[in-house]
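Structure first, commentary second.
Computed from the coordinates by the stated procedures, all read-outs in this text should not be read as laboratory data. Note that the coordinates shown come from a computational prediction; the quantities given were computed from them, not determined experimentally. Here the Cβ is made from the backbone with ideal geometry for all residues, glycine too, and neighbour counts use every protein chain on show.
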Amino acid sequence: MRSSHYLNQPASNSPSSPASPGAHPTLTLLAYGAVYFIWGSTFFAMRIGIESIPTLLVPAMRHLSIGLVFYPLFRILSKEKPTLSQWATCSVVGVLLLAVGNGTVSWSEKFVPSGIAALLVSTVSLWMVLLDWLRPGGTRPASRVFVGLFLGFAGMLLLVGPRGLGGSDRVSPLATLALLLASLAWAYGSIYSKHHPLPNSPLLGVAMQCLAGGTALVIAAAFNGELRGFHCAQVTTRSWVAIVYLAILGSAIGLSAYVYLLKHSSATHVSTYAFVNPIVALFVGWSFGAEPLSLRTILASVIILGAVILVITAPRKSPDLSDEALPAPGEA
């Protein structure tokens, strides 16, 4: 999962055009590759990280490191001085998206495969539609969105259905509920960020959110007892590599690529990551982590991703949402 407001900004060109005239074709292709494949693989990287690092410390280390590097860098480059209200917004959004969202994903991967976690997190687009409809002055979704919502929740019920269905055990209901609540927090934080002040520089805002979310995760880890008895010497090489991968490729390169696409490609095209990421995550988990890919999982994946596609591609009457990229639910 990623920082919100800047991941919801309208692209600089119309939704119908794949790229703006100033976009470099090779850079655009590489940026899509980063958003599709790097972000999709971060769920498996998080699973490797929690093998020898406490669950909340994995996202805490990743986000704090990016915040500590990005904040002074983009503070200097942007020449902005964030206001108190901007810090307040970034703190709320960082806690909701990175602490609650990423923290829950990390915890859940102790109980569910990384690919399933990615699939359930993709439901953030469904929550976004519901929350925007229920807010004061919200817009009633198109009919096809209701079909998508029904299919999405039907797919989730299939995952936690009776044991033995499709030749596999059901997914942990507790972990499923936790991931759905995390997606709800992500969706609320995304909507909240659109109506409150944020820095003009997208990457400066991302850094501020990383600092806030990472700090909240460290505090939560302390209250959870994860800091007691933890020593860096106990961390395996695999887990260190996963942390570096998450921080450098998942955050630094992935976020930069996403911001580039928001400026040079259409929101409609960029939002396709919302259903590509879970497919990549399922394949990576199955290929490199021997995660089961049962008939139940395949059927639920088809249903849930079909629901996400219906919601993403549905026409929207609200001008505030009509040309926005959806928040990024996939990247853990």
| message | Placing one identical point scatterer on every Cα of the range 21-313 and ignoring solvent, what is log10 I(q)/I(0) from the Debye formula at q = 0.07, 0.10 Å⁻¹? | response | -0.26, -0.54
| field | By average C-beta atoms within 10 angstrom, highest first, the peptides 280-289, 209-218, 72-81 | value | 209-218, 280-289, 72-81
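How much length is gained if the chain between Val244 and Lys110 is pulled fully straight, taking 0.36 nm per residue apart and subtracting their Cα-Cα distance, in nm to one decimal? Spell out each step's value before the answer.
Numbers: separation 134, 0.36 × 134 = 48.24 nm, distance 2.03 nm.
Result for the pair: 46.2 nm of gain on full extension.
Any idea how many Lys pairs in the range 21-313 come in under 24 angstrom at the alpha carbon, given 8 or more places apart or on separate chains?
Values: Lys79/Lys194; Lys79/Lys263; Lys81/Lys194; Lys81/Lys263; Lys194/Lys263.
Value for the range 21-313: 5.
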| note | Listing Phe223, Phe43, Phe37 by rising number of other beta-carbon atoms within 10 angstrom, fewest first, gives Phe223, Phe37, Phe43
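Which of Glu291, Glu51 has the fewest other C-beta atoms within 10 Å, and how do the rest follow up to the most? Write down the numbers at each step before the final one.
Working: Glu291 20, Glu51 12.
Listing Glu291, Glu51 from fewest to most nearby Cβ atoms yields Glu51, Glu291.
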| message | Quick check: from the Cα gyration tensor, does the range 139-281 come out rounded (a/c under 1.5), prolate or oblate? | response | oblate
| task | Have a look at the range 68-218 and give its Rg and Dmax from the Cα atoms, expressed in angstrom. | result | 18.0, 59
